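Working notes, structure below.
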């Protein structure tokens, strides 16, 4: 389970970073954006949100008190 959490964290961080970088690049271009390109980047953003929410709610290691 620990390895699964680490993999999910890496995927979440990678997806969020790529969505942010691509979104800022598209906004900074100042030219009209191809609808297919916009759909692709929206899909990456939605996947990033889903992976992040799943990662946040994965059970952590329980410690004795």
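Values quoted throughout were computed directly from the atomic coordinates according to the rules given, and no laboratory measurement underlies them. From a predicted model like this one, the values you see are computed outputs, not experimental measurements. Note that we place each Cβ from the backbone using ideal geometry, even for glycine, and neighbour counts take in every protein chain shown.
Could you tell me what fraction of 2.2 N^0.38 Å the Cα radius of gyration of the chain comes to, as a two-decimal ratio?
On the way: Rg = 15.9 Å, N = 65, 2.2 N^0.38 = 10.7 Å.
After normalising by residue count via 2.2 N^0.38 Å, the value is 1.48.
Rounded to the nearest 500, what is the chain's calculated 222 nm mean residue ellipticity when only DSSP H runs of at least 4 contribute -39500 (n - 2.57) each, over all residues? The partial results should precede the final answer.
On the way: 2 runs with 50 residues, N = 65.
Only helices count here, giving -27500 deg cm²/dmol.
For a protection proxy built on the mean count of beta-carbon atoms within 10 angstrom, sort 42-54, 19-31 highest first, please. Numbers along the way, then the final one.
On the way: 42-54: 14.4, 19-31: 11.0.
So the order, starting with the most tightly packed, is 42-54, 19-31.
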